[in-house]
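Have a look at the structure below, then the notes.
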C-alpha cells in the first residue's frame, strides 16, 4: 500500500517560535501506519525541529548539489545529512521559475539526493498557457521523461511526485477534482509505461495546487491522489491538521 502523505512547504515564512509551535501541534496528530507528515522548513529552523522530532519528518526546501566548497550562502546536501534531515524538495515551480533551475540542475540534484538515500518530493506541473492550449499532458510528460527517467526502478522508490498546476499555486484557484485526478492518473500511467505497474502503483503522487481545509477531502478521495504538498494553508496548525485528517 503506497503512503498517504501531507507535506507542508513553509517557504520563506514564520519565526522560530511560530515554527516550533506548529510543529509541536503536528506531532500530536495520530496517524495510521501508511500515513506520513513532512514539514519542509526554512533552513534556520531545521535543527530545532529535528531535535523535537517523533513522527513528523523534517525536510529541506532546497540544497546545493556540491558536497562543500566556495559557494557563499549555499547549504549542501552534506549539511543536511549532518543534521539527519530525511527529505528534500526538488524541482519546485518557484525554483524553476524564480531561480532558473534547469532540468540539468534538477537531474543533478536528484542524483545527489539519491546517493545520500534522501526521500525526495519531485515537483512537476504546467503553466497556464499549456493548460489553455491543451498541451498540459504533453508538458508534464516531458518533465517526467527529462528529469526522472534516467533513474532506475530501484532509485524510483525514493521518489514521491507532487503535481503542481503552476496556475493554481498561491492564486486561490484550485484545479477541479476532475482536472487533478486526470493529471495524477496520467502521471501514474506515464510512470507505469517506463517502470511497470508495480513501481507506478507504489509511487505516491501528491496534489500541490492551493489545497486547503475545505477542498482536501474531495481531492484526497480521488483514487490517484495520495495527499498534498501544502503551502499557505500549512502556516496555520488548525487548518493544516484538518487537511491531514481529510485523508
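Please treat every number below as a calculation from the coordinates, not as lab data. Only a predicted model underlies this, so the values are computations on that prediction, with no experimental measurement involved. When we count neighbours, we look across all protein chains shown, and the Cβ atoms used for this are built from the backbone with ideal geometry, even at glycine.
Observations, loosely collected:
- Protection proxy ranking, peptides 231-241, 67-77, average beta carbon neighbours within 10 Å, highest first: 231-241, 67-77
- Rounded is the label for the chain. Its Cα gyration tensor axes, ordered a ≥ b ≥ c, give a/c under 1.5.
- Mean sequence separation of contacting Cα pairs (under 8 Å, at least six apart), scaled by the length of the chain, corresponds to a relative contact order of 21 percent.
- Computed extension gain for residue 52 through residue 21, at 0.36 nm per residue and net of the alpha carbon distance, reaches 10.1 nm.
- Between residue 236 and residue 197, the FRET efficiency estimated from the beta carbon spacing at R0 = 35 angstrom works out to 0.35.
- The protection proxy used here, the mean number of other Cβ atoms lying within 10 Å of each residue, ranks peptides 122-132, 46-56 as follows, highest first: 122-132, 46-56.
- Mean-position separation - Cα centroids, region 1-18 and region 26-94, in angstrom: 10
- Entry note, the chain: the mean residue ellipticity at 222 nm calculated from DSSP H runs of n ≥ 4, each adding -39500 (n - 2.57), is -11000 deg cm²/dmol after division by the residues and rounding to the nearest 500.
- Point-to-point label distance, residue 142-residue 84, nm (Cα→Cβ direction, 7 Å offset): 4.4
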